[in-house]
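Here is the structure we will look at.
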Amino acid sequence: MRIPNLGETELLVPLHDGMFEQPMWQTFLSRLRSAANAHGTAIILQSGGDVVRLTAGSVSEPTSLADLRPGRPYSPDELGGEHHAIRLAGEAGLTATLVLQNGEGGIAGLFAALAPHFAAALRVLAGLERERARSAMSAQAFARLDFGWISLDAKRRIVDSDQQAERLLRESGLLARGAYDRLVPSDPAVDRQLTALVKEFAANSKARPRAINLSHDPWIDILVSPLRLAALAGGKDAVAVVYLRGDRSSSETRAEQLVDLFDLTPSEARMAWSMAQGLSIAEAAEEHGLTIETARNYSKKIYAKTGARGQVDLVRHVLTGVLALA
């Protein structure tokens with residue numbers, strides 16, 4: 001067997017790129033199998049009780065992998081069979097065992113030479129998994145609060161977006177993915193405002209973010225902000241980000257939930273929901289066809305039943321309580 005020069009691309013590039021393949025490390029395993037003239041090769045990843053097996057060719061699993069000393073190549077004589085193996089310990093309990101079955105001689109030296117590179121690849125994998133887990137938890141929190149985001153380039157084309165934003169693009173009718181992937185509001189006035197903001201943010205990354213209401217029922221707001229997140233890769237064309245807060249429920253549904261939650265009457269609940277959206281008592285009275293005096297009486301009852309000390313406190317009670325998760 002010819003042991004490859006580790007300066008060549010035959011094994012090292014596929015080893016470092018392998019975690020981005022699906023399934024992972026297939027090119028590396030196939031080339032290692034060919035270079036060693038082996039029946040099969042495998043990488044066995046373990047983290048806690050989870051095990052992932054990645055294989056090329058026909059390979060069985062040697063026994064007692066957990067007993068292997070990390071970083072030391074093992075020969076078939078030591079493993080009592082026909083396997084070569086080396087086990088590497090990564091971060092946060094992640095371990096990887098590289099296994100080769102029925103290969104030619106010189107494999108121990110090859111494994112020893114590959115070990116530091118494989119260890120580096122494992123550190124990258126552990127970091128990616130850690131960030132993936134954090135991203136998933138953040139996405140779940142955003143989803144529960146009906147938040148989403150869309151990044152835009154200087155021509156208002158969508159660079160990237162999350163699942164919540166994509167759902168709103170599909171379902172709301174208020175924002176759409178137009179020609180050339182441009183973000184297109186259905187309201188011409190909002191369209192002009194968004195165009196002006198993106199142009200401003202492209203020229204000045206320190207400009208002030210602006211909030212725009214798209215709909216009152218259901219309530220949908222957007223916050224358009226310059227993109228201030230420095231990135232080493234990806235998203236380099238984005239100059240602005242649109243944060244979306246889209247309520248999945250209508251005002252009537254929210255009012256019913258407030259009736260259940262605070263024992264309000266239906267009329268009080270409708271008034272409470274309007275006030276929680278930032279409408280003044282006079283504006284809420286006009287929206288619901290009430291006199292100012294009736295609206296004020298409702299507001300006093302709402303404050304008493306919810307325990308709010310005023311409209312700001314009512315907003316906190318309604319929008320940051322369990323209703324936000326409904």
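Here are some notes:
- Among residues of the stretch 147-160, those that are open to solvent by less than 50 Å² (accessible area, probe 1.4 Å) and under 16 Å from residue 219 (Cα atoms), counted: 1
- Test result for residue 211, over 21 Å from the mean Cα position of the chain (by Cα), loosely packed, with under 14 Cβ neighbours inside 10 Å and part of a strand (DSSP E or B): yes
- Given (1) in contact with a Ser or Thr (Cβ under 9 Å, 6 or more places away or on another chain); (2) at pLDDT 80 or above, index of the condition residue 218 fails: (2)
- Restricting the search to strands (runs of 3 or more DSSP E) fully inside the stretch 27-108 and requiring at least 1 residues that are in contact (Cβ under 8 Å) with a residue 60 or more places away in the chain and more than 18 Å from residue 120 (Cβ to Cβ) gives 40-47, 94-101.
- The C-beta contact set for the stretch 196-207 (first residue among the aromatic types (Phe, Trp, Tyr), second residue surrounded by fewer than 19 Cβ atoms within 10 Å (Cβ to Cβ) and assigned to a loop (DSSP other than H, G, I, E, B), distance under 6 angstrom, 6+ apart or interchain) comprises 201/207.
- Top-ranked residue of the stretch 244-302 - restricted to ones that are at pLDDT 85 or above and among the acidic types (Asp, Glu), ranked as most open to solvent (accessible area, probe 1.4 Å): 286
- Taken together, the criteria place residue 61 among residues that are out of contact with any Leu (no Cβ under 8 Å at 6 or more places or on another chain), among the acidic types (Asp, Glu) and farther than 25 Å from residue 128 by Cα.
- Among the candidates 193, 163, residue that is modelled with pLDDT under 85 and open to solvent by 60 Å² or more (accessible area, probe 1.4 Å): 163
The values are calculated or read from the model by the stated rules, or taken from the named source; none is laboratory data. Quick caveat: nothing in here was measured; it's all calculated off a predicted structure. Backbone-built Cβ (ideal geometry, glycine too); neighbour counts: all protein chains shown. Accessible surface areas use protein heavy atoms only, side chains included; no ligands, DNA or RNA. Shrake-Rupley method; radii C 1.70, N 1.55, O 1.52, S 1.80 Å.
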